[in-house]
Amino acid sequence: MKESIALKIKESLAKSFHWMKENQTMEGTWPVPYDGPFFLLPLYIFALRICDRPISEESRDKMVRYILKHQISDGSFGMHQESKSGTLFTSIINYIALRFLGMNPSQKEIKKTLNWIHDKGGPLYSASWCKFILSFLNLYSYNGVAPVPPELYMLPSWFPFHPRKISGYVRIIYLPMSYFYRERLAIEEDSLILELRKELYIEDYDKINFAKYRGAFADEDNIVPETRIFKASVWWIKRIDPLIPKFIKKKALALVYEHIRYEDKYSNYIRQAPVNAVYNTLVHYFRGDTIELEKSWQKLPLYLWENEEEILMQGFTNTYTWDCDFYLQALGKETASEEIKSMMLKTRQFLMENQVTEELPNAFKYHRLPREGAWTFSYLDNGWVVSDCTAEAIKGLLETEGNGDKKLTDEHLEKAINFILMLQGDDGGWTSVDKAIGSPKLEWFNAANVFVDIMVDHAYVECTGSILQCFATIKKMRPHMYTPKMKKAGERGVAYLLNSQYSDGSWEALWGLCFTYGICFVTEGLKMSGISKDHEAIQKACSYLWAFQKEDGGWGEAQESALARKYIQAEKSVVEQTAWAIIALLNGGYAKDARLIKAVDWLIDQQQVDGDWPLQPMSGLFYKTVMIHYRNYKRYFPILALQKYQECLSVE
C-alpha cells in the first residue's frame with residue numbers, strides 16, 4: 001500500500017510540474033482571472049459612460065455575455081457568480097449596466113430582471129451602496145442616502161470615529177464616497193436616464209420622498225441590519241449638517257481630495273482595489289481634472305480580464321504575489337530537475353523584484369502605515385502591502401535559497417520582519433493591512449448592509465498561522481535573524497490561536513472557506529512553532545475535520561458556511577478544500593490512517609491528464625457574503641498536500 005500510494009503521488013507531482021512549466025510566464029507568474037464578485041463590472045461600465053470613453057462593439061458584446069452568463073433563473077443577479085439567490089443591489093446595477101451597453105428593456109433576459117426588481121419593491125428598498133451608486137447616476141436622490149460626511153477627516157486622530165480607525169479596505173472606499181456625498185455629484189439627465197427612472201421605479205420618480213426610504217431595505221439586501229445607534233447617528237448628522245459653516249465644508253473637501261491624490265500617487269493610479277479605483281477616477285472627472293483623469297484611465301483597464309468569450313472585472317489587478325508565494329514553496333521541495341529549477345528561479349526573481357523598497361512619505365498623516373520591506377497581494381506598483389502575503393513570500397524565498405541566484409538580503413528581510421511585527425495586535429494575532437486600533441464597536445456603524453464585519457481590520461487566524469510559519473522558517477534558515485522580539489511575538493501568536501479555537505475544535509477564517517481553510521493554516525503554524533501533534537488543540541481540530549469527510553474521501557464546505565458560521569456540507573468534494581484538510585490532518589499525525597489514504601487517492605484521481613485539476617467552486621471569501629475565485633488554489637495546494645504526505649511516508 002505504501003509503495004502504491006507513493007508511486008501515485010510521484011506521478012501526480014510530475015504531471016503538476018509539467019503543467020506548471022507549460023503555463024508559467026517569462027516573468028515567473030501563472031496568470032488567472034481573479035473573479036467572482038458581481039458588483040464590479042457595472043461600476044466600470046458606469047465609468048465608461050460617465051467619462052464618455054470609447055468602447056468597441058466586440059467589448060460590449062463580451063461584457064453583456066459575461067453578465068447574462070451568471071443571471072439566476074428567476075432573473076436576478078447575486079453578490080457573486082455562484083450565488084443561489086439575488087439581491088436588489090446587484091440586480092439593479094447589472095440591469096442598468098446592460099441598458100448602458102445597449103440592451104433593450106423588452107429583451108427577455110433583462111425584462112425578467114426588471115420584473116424581479118419590481119417584485120422586491122424596486123430601488124427604494126435596495127442596499128445603501130446601491131442607493132449611493134444610483135445617486136451619482138441621477139437615478140436616486142442623495143437625500144435618501146446614508147450620510148458620508150467628509151468633515152470626519154478633520155477630527156483629531158484620537159476621536160473614536162476618526163477614519164484612520166476604520167479598516168483600510170473600507171476607509172479607502174468611503175474617502176471618495178464622502179467627496180461625492182458632500183458635492184452631490186451626479187451625471188446630467190439624458191433620454192436614457194429618464195427612461196431608466198420610468199423602468200426601475202414603480203412610483204412616479206418626481207413624486208418620491210427619497211429621504212423617507214433611506215433606511216428601507218428588502219430582506220435580500222438587509223444581510224447586516226442597521227443598529228439603533230447607527231440610525232440615531234444618521235438622525236443627528238442630518239440635522240447637524242446644515243449648521244456646518246461653508247468654509248468648514250470647503251476645507252474638508254480639500255482635505256479629502258488631498259487624501260485621494262495621495263492614494264493615487266502612491267498606488268501608481270492602480271489604487272487599493274477596483275471600487276475605489278472607479279470612484280477616484282470619477283472624482284477627477286467631476287472636478288474636470290483632465291490630467292488626473294487620463295492617468296486614471298491608463299490604469300483602470302488593468303482590472304479587466306478578457307478572453308475570447310467575455311470581459312469581466314477582477315477583485316484586484318492580479319493575484320501574482322500571493323500565488324507565486326505558494327508555487328515557490330511547492331517548487332522548493334523538488335530541486336532535482338533543471339526544468340523545475342528554471343521555474344523556481346523565475347518565480348524567485350519575480351518575488352525579489354516585487355518587494356516594496358520605497359517608504360511612504362508622511363504615512364501617518366494619510367492614515368497609512370510604513371510599508372518598506374513588505375509585499376503586496378498583486379505586484380509592486382499597487383503599493384498596498386499585506387501581512388500574510390509578506391510572510392508567505394519570505395517563507396518561499398528562504399526555503400529556495402542556494403540555487404545560484406541572489407538571496408534575500410538580511411537588510412531586506414529585517415525590514416519585512418519589522419513590518420510584520422508592527423501589525424501584531426494586543427490579542428497576539430495579526431491583521432492584514434492595518435493595525436487594529438479601532439474599537440470593534442465601530443461595526444455598529446457598518447452602513448453597507450450587504451457586507452459583514454468590515455469596519456475594523458482585526459486579527460485573523462489564517463494571517464496569524466502564515467506568520468508563525470514564516471517565523472519558524474526564519475529561525476531555521478536565518479537563525480541569526482531570529483530575535484528575542486520575534487520569539488516573544490511568536491509565543492503571543494500561538495497563545496492567540498489557542499485562545500481563538502472554538503469549543504468544537506475549529507478555527508474560523510475570513511479570507512477563505514472557512515473552517516477548513518482556517519484549520520489548515522492554523523495547524524501548520526502551530527506545528528511549525530513546535531506544538532506537538534498530540535496537543536489537545538490539534539487533535540480537536542482533526543476530530544472536527546474527520547466528522548465532515550465525505551464518503552468519496554474528500555471534503556467540501558459550502559459557501560453558506562460563512563454566513564451561518566458553522567460547517568455546512570457542499571454537494572460535492574472540492575479539490576483545494578480536500579488538500580487543506582489533508583495538510584491539517586498530517587499535522588495531527590494521521591499519515592497512516594486509512595481515511596487519509598482515501599482522501600489522498602480521491603485528490604489524485606481528480607487530476608486531469610495535462611496535470612491540471614478541473615474548475616472548482618469558489619473557495620475564496622471576503623466579508624462573509626462574497627465568494628471569489630482563487631483559480632490557482634486547485635493547483636498548488638494539492639501539490640503542497642501531496643508533498644507533505646510524501647515527506648511523512650519517507651520519515652516513516
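The values are calculated or read from the model by the stated rules, or taken from the named source; none is laboratory data. Bear in mind the structure is a predicted one, so any value in this text is a computation, not a measurement. All Cβ positions, glycine included, derive from the backbone under ideal geometry; neighbour counts span all protein chains shown. Surface areas here come from the heavy atoms of the whole protein model, side chains and all, with no ligands, DNA or RNA. Shrake-Rupley method; radii C 1.70, N 1.55, O 1.52, S 1.80 Å.
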(request) Take the stretch 220-342, drop everything but the C-alpha atoms, weight them equally and run the Debye formula without solvent; then report log10 I(q)/I(0) at 0.14 Å⁻¹ to two decimals. (result) -0.92
(request) Kindly rank 309-320, 563-574, 110-121 from highest to lowest mean number of other beta carbons found within 10 Å of each residue. (result) 309-320, 110-121, 563-574
(message) Roughly how far apart, in whole Å, are the Cα centres of the stretch 379-411 and the stretch 1-65?
(response) 23 Å
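Please state the shape class of the stretch 79-209: rounded when a/c is under 1.5, otherwise prolate if a/b exceeds b/c and oblate if not, all from the C-alpha gyration tensor.
On the way: a/c = 2.47, a/b = 1.77, b/c = 1.39.
Since a/c reaches 1.5 and a/b is larger than b/c, the shape of the stretch 79-209 is classed as prolate.
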(message) What whole-number distance in Å separates the alpha-carbon centres of the stretch 433-449 and the stretch 76-119?
(response) 31 Å
(request) Kindly rank 49-57, 541-549 from highest to lowest mean number of other beta carbons found within 10 Å of each residue. (result) 541-549, 49-57
(message) Tell me the mean residue ellipticity at 222 nm calculated for the chain from its helices only (DSSP H runs of n ≥ 4, each -39500 (n - 2.57), averaged over every residue, nearest 500).
(response) -16000 deg cm²/dmol
(message) Can you compute the label reach from Asp427? Point 7 Å from Cα along the Cβ direction, backbone N cut-off under 16 Å, restricted to the stretch 490-504.
(response) 492-503
(request) Heavy atoms only, probe 1.4 Å: what % of the accessible area of the chain goes to carbon and sulfur, would you let me know? (result) 53 percent
(request) Within the stretch 309-346, which residues have the backbone N less than 18 Å from the label spot 7 Å out from Glu399 along Cα→beta-carbon, could you tell me? (result) 320-337, 340-346
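Given R₀ = 56 Å, what would the calculated FRET efficiency be for Leu192 paired with Val609, taking r from the Cβ atoms and rounding to 0.05? Walk me through the intermediate numbers first.
Working: r = 50 Å, r/R0 = 0.89.
For Leu192 and Val609, the calculated efficiency is 0.65.
May I ask for the net charge around Gly425, where only other residues with Cβ less than 12 Å from the Cβ of Gly425 are counted and Lys, Arg are +1 while Asp, Glu are -1? Please report the intermediate quantities before stating the final value.
On the way: positive: Lys435, Arg492; negative: Asp426, Asp427, Asp434, Asp457.
So the environment of Gly425 carries a net charge of -2.
Taking R0 as 45 Å, what's the FRET efficiency between Lys566 and Thr290 from their Cβ-Cβ distance, rounded to 0.05? Mind showing how you got there, number by number?
Details: r = 53 Å, r/R0 = 1.17.
Plugging the Cβ-Cβ distance into 1/(1 + (r/R0)^6) gives 0.30.
Does the stretch 603-652 come out rounded, prolate or oblate by the C-alpha gyration tensor, with a ≥ b ≥ c the root eigenvalues, rounded set by a/c under 1.5 and, if not, prolate when a/b is larger than b/c and oblate if not? Intermediate values should be presented prior to the final figure.
Details: a/c = 3.74, a/b = 1.70, b/c = 2.20.
It comes out oblate by the Cα gyration axes.
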(request) Could you give log10 I(q)/I(0) at q = 0.15, 0.16, 0.17 Å⁻¹ for the stretch 418-459, computed by the Debye formula over C-alpha point scatterers of equal weight, without solvent? (result) -0.39, -0.43, -0.48
(request) Starting from the eigenvalues of the Cα gyration tensor, five times each then square-rooted, give me the equivalent ellipsoid semi-axes of the stretch 79-145, largest first, whole Å. (result) 19, 15, 11
(request) Calculate the length of the line joining the C-alpha centroid of the stretch 319-371 to that of the stretch 268-308, in whole Å. (result) 25 Å
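From the square roots a ≥ b ≥ c of the eigenvalues of the alpha-carbon gyration tensor of the stretch 20-91, which class results: rounded (a/c under 1.5), prolate (a/b over b/c), or oblate?
Values: a/c = 2.36, a/b = 1.34, b/c = 1.77.
The shape class here is oblate.
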